[in-house]
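Taking it in order: structure first as structure tokens, then the write-up.
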Amino acid sequence: MKFSLRSLNLFSRKNISIDYSNLPEHIAIIMDGNGRWAKKKKLPRSVGHRAGANTLKTITEFCDKIGIKVLTVYAFSTENWKRPKEEVDALMDLLLEYLRDAERQLAGKNVVIKVIGDISVLSKEIQEQIIKTEKLTQSNTGLLLNIAINYGGRNELVNAVKNIVKDINEGKISVDDINEQCISNYLYTRGIKDPDLIIRPSGELRLSNFLLWQSAYSEFWFSNIYWPDFKPKDLLNAIRDYQQRDRRFGGV
Ligand code: IPE
Ligand code: IPE
Ligand code: MG
């Protein structure tokens, strides 16, 4: 048992009671709305991104505490390079800072940190920090936090196809070995259960190229809350709604 009854009561305060024996194993979040949150407060977008990074820390710790196994967060998409250089630079600086800080703050909390996406085009400094943070947290046994950086679902599939063809050419696998499981094994998320619940705050009702293959049977939860304002109670609301869904996977 990871947490006491006392803390369970604490989480079900304010009438948000959830069934802790039926939690979504894997939650994925599209961390959206930082810019609009900042605009509303007449602050620069970069301040919104910083506030969003703080929300990520809080939500990560909360997920670990209540027993979620995997949390995947969308931090930077393959399309986000279209933004002004100043904003991209600020986001990259923030990611670097987050990964450095995570070593200190989250590793002590038993969180395993992994980065998914095409990191080969990121700066050498970020690439090295990713390797360092992943290595430092790899033997932890708590929540797995996947941070999607330069991630795009289509890019991930293109990459998988290339690697499958390469392995066929090198005789490592044959065409007959290609099936759904095989394709899953060539994705950045290999070995990780598909997300049970995908959360998108900020009011947008789309996937924006996130986990296209993996979301085939995910449950979706949308909210108008901007990511920097997202609180553990909002996550509990999402989990409570999820627990009321009937997941049929095409059956009856
Ligand atoms: C999400 O917030 C962060 C990234 C996409 C990197 P946005 O920056 O997209 O915020 P909005 O959607 O403009 O409010
Ligand atoms: C999706 O948000 C990407 C991340 C949250 C990292 P965007 O803000 O980039 O998505 P669109 O442009 O509104 O679809
Ligand atoms: Mg956005």
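What to note about this one:
- Among the criteria (1) over 21 Å from the mean Cα position of the chain (by Cα); (2) within 16 Å of ligand 3 (Cβ to nearest atom), the one F230 does not fulfil is (1).
- Residue pairs whose Cβ atoms lie under 6 Å apart, separated by 6 or more positions or on different chains, with the first residue in the range 190-215 and under 27 Å from G48 (Cα atoms) and away from ligand 3 (no atom under 16 Å from the Cβ) and the second aromatic (F, W, Y) and outside any loop (DSSP other than H, G, I, E, B), are L197/Y242.
- All of N146, N140, N150, N163 fail the test of being among the polar types (S, T, N, Q), in contact with an Asp or Glu (Cβ under 9 Å, 6 or more places away or on another chain) and in contact (Cβ under 8 Å) with a residue 12 or more places away in the chain, apart from N150.
- Taking the range 29-50 as the range and being more than 6 Å from ligand 1 (Cβ to nearest atom), open to solvent by 20 Å² or more (accessible area, probe 1.4 Å) and hydrophobic (A, V, I, L, M, F, W, C) as the test, the residues that pass are W37, L43, V47.
- Only residues that are within 14 Å of ligand 1 (Cβ to nearest atom), touching a Phe, Trp or Tyr at 6+ places or on another chain (Cβ under 7 Å) and of a type outside the set (V, I, T) were counted across the range 185-226, and they come to 6.
- Any pair with Cβ under 6 angstrom, 6 or more apart, that starts in the range 13-40 at a residue that is in contact (Cβ under 8 Å) with a residue 12 or more places away in the chain and within 13 Å of ligand 3 (Cβ to nearest atom) and ends at one that is open to solvent by less than 20 Å² (accessible area, probe 1.4 Å) and of a type in the set (G, A, S): M31/G52; D32/S202; G33/S202; N34/G48; N34/G52; G35/G48; W37/G48; A38/G48
- Residue match in the range 160-168 (condition: within 16 Å of ligand 2 (Cβ to nearest atom) and of a type in the set (D, E, K, R)): no
- Residues that are modelled with pLDDT under 95, buried (at least 16 other Cβ atoms within 10 Å of the Cβ) and either outside any helix (DSSP H, G or I) or within 16 Å of ligand 3 (Cβ to nearest atom) (or both) do not occur anywhere in the range 54-64.
- Elements of type helices (runs of 4 or more DSSP H) contained in the range 141-252, each with 2 or more residues being under 28 Å from I131 (Cα atoms): 153-169, 180-185
- Given (1) more than 18 Å from the chain's Cα centre (by Cα); (2) in contact (Cβ under 8 Å) with a residue 60 or more places away in the chain, index of the condition Q244 fails: (2)
- Given (1) within 16 Å of ligand 3 (Cβ to nearest atom); (2) under 25 Å from R154 (Cβ atoms); (3) in contact (Cβ under 8 Å) with a residue 24 or more places away in the chain, index of the condition L71 fails: (1)
- For I68, the requirement of being of a type outside the set (S, T, N, Q), part of a loop (DSSP other than H, G, I, E, B) and under 22 Å from I192 (Cβ atoms) is met.
The values are calculated or read from the model by the stated rules, or taken from the named source; none is laboratory data. Note that the structure is a prediction, hence the values are computed from the model and not measured. A quick note on method: Cβ atoms are made from the backbone with ideal geometry, for glycine too, and the neighbour counts reach across all protein chains shown. Side chains included, ligands, DNA and RNA excluded: accessible areas come from the protein's heavy atoms. Shrake-Rupley method; radii C 1.70, N 1.55, O 1.52, S 1.80 Å.
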